[in-house]
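Down below is the structure, laid out as structure tokens.
The values are calculated or read from the model by the stated rules, or taken from the named source; none is laboratory data. Keep in mind that this is a model prediction, so the values were computed, not measured. We work out accessible area using only protein heavy atoms, side chains counted, and drop any ligands, DNA or RNA first. Shrake-Rupley method; radii C 1.70, N 1.55, O 1.52, S 1.80 Å.
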Amino acid sequence: MPSLGGWEFVILIGVLVLLFGAKRLPDMARSIGQSARVFKGEMKGLKDDGASKDAPAQPAPPAATPPPAPLPPTAAAPPAPAPQQQQQQETTPAAGQGHSTPGQ
């Protein structure tokens, strides 16, 4: 494949300006540069990870940790109903006792 010369770059830039417009080209170039930096950083990270896996790792000595503290005792009693619910139950008339017909 032949290499691109000066005139080819000028034509390529002219076509890009016609297609995308002069306002969008700097933004596109910036995003391509950021993508290339991220890709380069990820590749470097993969190389570093591969190098650390190849080297024999020294196992870390187990750290002496104290045993966990015992949990405080808990009460298993059910919660008491709220006072408002008790008052409502007392004031609610039972079935058949709420209304009386006159004359009976």
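You can think of it this way: the chain between Ser52 and Phe9 has 11.2 nm of extra reach, that is 0.36 nm per residue less the Cα-Cα gap.
Relative to the current alpha-carbon distance between Leu25 and Phe39, full extension at 0.36 nm per residue lengthens the span by 2.9 nm. Derived scalar couplings between HN and Hα for region 35-43 equal 5, 5, 5, 5, 4, 5, x, 5, 5 Hz in order, rounded to whole Hz, by the Karplus curve 6.51 cos²θ - 1.76 cosθ + 1.60 (θ = phi - 60°), x for Gly and Pro. Averaged per residue, region 1-44 has 96 square angstrom of accessible surface, using a 1.4 angstrom probe with ligands and nucleic acids left out.
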